Amino acid sequence: MASQSHRPTLLQRLPDRVAGLLREIGQLGDEWGCRVYVVGGVVRDLLLGHVTLDLDLTVEGDGVAFARLVADRYRAGIAVFERFATARLVFPDGLKMDIATTRRESYAQPAELPTVQPASIEEDLYRRDFTINAIALQLNPGQFGRLLDAYGGQRDLRARTIRVLHAGSFQDDPTRIFRAVRFEQRLKFRLERKTSRLLAQAASTNLIQQLSGPRLQNEILLLLAERDPVRVMARLSQLRLLRFLHRRLSYTTKVKRVVMAVPKALAWWTRRFPDREIDKPIVYFMALSSESSQAVVATMSKRLALSREQARKASAGGTLVDRVLKKLIDERTVRPSQVYRLLVDLPDETLVLVLAKQMSLQQTAILSRLKRQLVAYMKDRTIKTALMGRDLQSMGLTPGPQYGTILGKLLDARIDGTITTEVDERALACKLLKKGLLSFVKRET
Ligand code: ATP
């Protein structure tokens, strides 16, 4: 039987409107004849003295029907996932809430998604990942704030340990291996001894290989989105989990230095270019694969089923970054247009990585030059030519690939500051046209 206590004041730590809403939803539960609980991360965080607003509710009864009732009452948007008997609500003020039916889960195959059947709250808590995430607070009037902690969640919160609920937990769902690292590193907890053994055991099998791309991606990107991905990566390496991204991926001293320089590079970037948002998890992913070949990066992106956009960014990483950096800091790269041409097709994430790489080398003079180059480049990329294709046409040039060449040269000259006005552009275009014509005539004769 669940250990119970009454903690109504816990819910009052939530913002008033949220606590009020939960109270009303509890009343709705009574009217409807079902028990309603808030459960999981919010309860864990409240007990730790933090407030998070990703609300997970669970209902002893038809959770989806109850979710529809709540959505109707509060004009919330609703998306229903029938297979898992869950619904996601978005309230008009943006508040998000998941509502599910209390259920037991069975795993026909390890690493695959479970089938679910309605069950009691105790069983529902038992199917959860860790004891600290298996605590519920009831919302019904009279029981508002009744805390159910059947598996020692509060004890483990006090002892700062991550503990699975049963020995088969990682086998049922290997994503829990990564979740364990996520909570351990975020909360600065430790894996309880047996849990640690079970995790190592599960990680030594091919269970994680059986996870689908999207499920593995979700876990990895969540880990890389944590506040301190540097610690997270060191831990993944220590637990020998990085090999599930690619068997040849290893956390060498060089990679580690780049990863460790990323926070500084990101901070610099955000200070300089606050409007250019960076996909931080992808930068860390790129840092992690910064010593990998393009082929290895491509295989990793495929394994993780990265979105097309993220895969495109990741592919502009790996050893390509070294080549870009080498050219940038080459003494012969003096003209701003050279820098522009070198960087123009690269995503911002690559630029951050170039910077992180240089930071990891600790060569102050080169780093200052690189920063100046980046600042200048970001300004230069807003420069446009005054002339366009149709202007060249009216100057007598028939449309064709030479348009791109000439306009490119005009842009380079603008960036280098050798021309500054439309008149200059026209003059340069004429010169280039003549030169082009001459070389054409030369070729003909
Ligand atoms: P976060 O603070 O990162 O959002 P959370 O604890 O809220 O963490 P969610 O992924 O939002 O985590 O899941 C909500 C709850 O659902 C968890 O607290 C846990 O009880 C349960 N849960 C989520 N994923 C799993 C899983 N793979 N196995 C078992 N239980 C899970």
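Just so it is clear, none of the values below were taken in a lab; they were calculated from the coordinates. Every value quoted in this text rests on a predicted model; they were computed, and no experiment measured them. Reconstructed Cβ throughout: ideal geometry from the backbone, glycine too, with neighbour counts over all protein chains shown.
Can you tell me the orientation of helix 63-74 relative to the chain, as the angle in degrees between its alpha-carbon axis and the longest Cα principal axis, to the nearest 10? Roughly 70 degrees, rounded to the nearest 10. Rounded to the nearest 20, the Cβ-based charge dipole of the chain about its Cα centre (Lys and Arg +1, Asp and Glu -1) stands at 2140 debye. From the Cα gyration tensor of the chain, with a ≥ b ≥ c the square roots of its eigenvalues, which class applies: rounded if a/c is under 1.5, or else prolate if a/b is larger than b/c, or else oblate? Verdict is prolate for the chain. Put in line by how crowded their Cβ is, counting other Cβ atoms within 10 Å and starting with the fewest, D228, D129, D124, D348 read D228, D348, D129, D124.
Taking segment 255-360, which GluC sites (Glu not before Pro) meet the DSSP loop condition and have no more than 15 other C-beta atoms within 10 Å?
Taking segment 255-360 and a limit of 15 other Cβ atoms within 10 Å, the loop GluC sites (Glu not before Pro) found are E277, E331.
Calculate for the chain the 222 nm mean residue ellipticity that helices alone would give, adding -39,500 (n - 2.57) per DSSP H run of length 4 or more and normalising by residue count, nearest 500 deg cm²/dmol.
Taking each H run of at least 4 residues, the total per residue is -16500 deg cm²/dmol.
Taking a Cβ cut-off of under 10 Å around S237, the surrounding Lys, Arg, Asp and Glu residues balance to a net charge of +4, with basic ones at +1 and acidic ones at -1. In summary, the aspartates and glutamates within cross-link reach of K280, defined as a Cα separation below 14 angstrom excluding same-chain residues under 8 places away, comprise E226, D228, E309, D348, E349.
Taking the chain as a Gaussian network of alpha-carbon nodes connected by springs under 10 Å, the highest mean-square fluctuation of the residues G29, G142, G63 belongs to G142.
Loop-resident trypsin sites (Lys or Arg not before Pro) (DSSP state other than H, G, I, E or B) in segment 322-418 with no more than 15 further Cβ atoms inside 10 Å of their Cβ: R332, R381, K384. Each residue in C34, C430 was given a count of other beta-carbon atoms within 10 angstrom of its own, and listing them fewest first yields C430, C34.
Considering only A200, L69, P8, the residue lying farthest towards the positive end of the dipole of the chain is A200, judged by Cα position with unit charges set on Cβ. Comparing L392, L198, L355 in a Gaussian network model of the chain, where Cα atoms under 10 Å apart are tied by springs, the biggest mean-square fluctuation is seen for L392. Taking amide H as placed 1.01 Å from N in the peptide plane, the amide H of R35 sits under 5 Å from that of E60, each at least 5 places away or on another chain.
Basic side chains Lys and Arg get +1 at the Cβ, acidic Asp and Glu get -1 at the Cβ, and with that the dipole of segment 318-387 about its Cα centre reaches some 240 debye.
Sorting W269, W32 by the number of Cβ atoms found within 10 Å of their own Cβ, with the fewest placed first, yields W32, W269. Helix 364-380 versus the longest principal axis of the chain: what is the Cα-based angle in degrees, 0 to 90, to the nearest 10? It works out to around 80 degrees. Of the residues Q393, S360, L374, the one whose Cα sits farthest towards the positive end of the charge dipole of segment 287-445 is Q393 (charges of +1 on Lys and Arg Cβ, -1 on Asp and Glu Cβ, taken about the Cα centre). Within the same chain, lysines fewer than 8 places from K327 are excluded, and of the rest, those with a Cα less than 22 Å from its Cα are K254, K313, K357, K371, K379, K409.
With contacts taken as Cα pairs under 8 Å at a separation of at least 6 residues, the chain carries a relative contact order of 10 percent.
Between 0 and 90 degrees, the angle of helix 16-32 with respect to the longest Cα principal axis of the chain falls at about 50 degrees.
Listed by chain and number, the aspartates and glutamates placed with their C-alpha closer than 15 angstrom to that of K326 are E291; residues fewer than eight positions away on the same chain are left out. Build a GNM of the chain with springs between Cα atoms under 10 Å apart, and of A119, A376, A427 the one that fluctuates most is A427. Distances between placed amide hydrogens fall under 5 Å for G40 paired with I135, all partners being 5 or more residues away or on another chain. Amide H contacts of H6 (H built 1.01 Å from N, in plane; Pro and chain starts excluded): L147 sit under 5 Å, all sequence-distant by 5 or more or on other chains.
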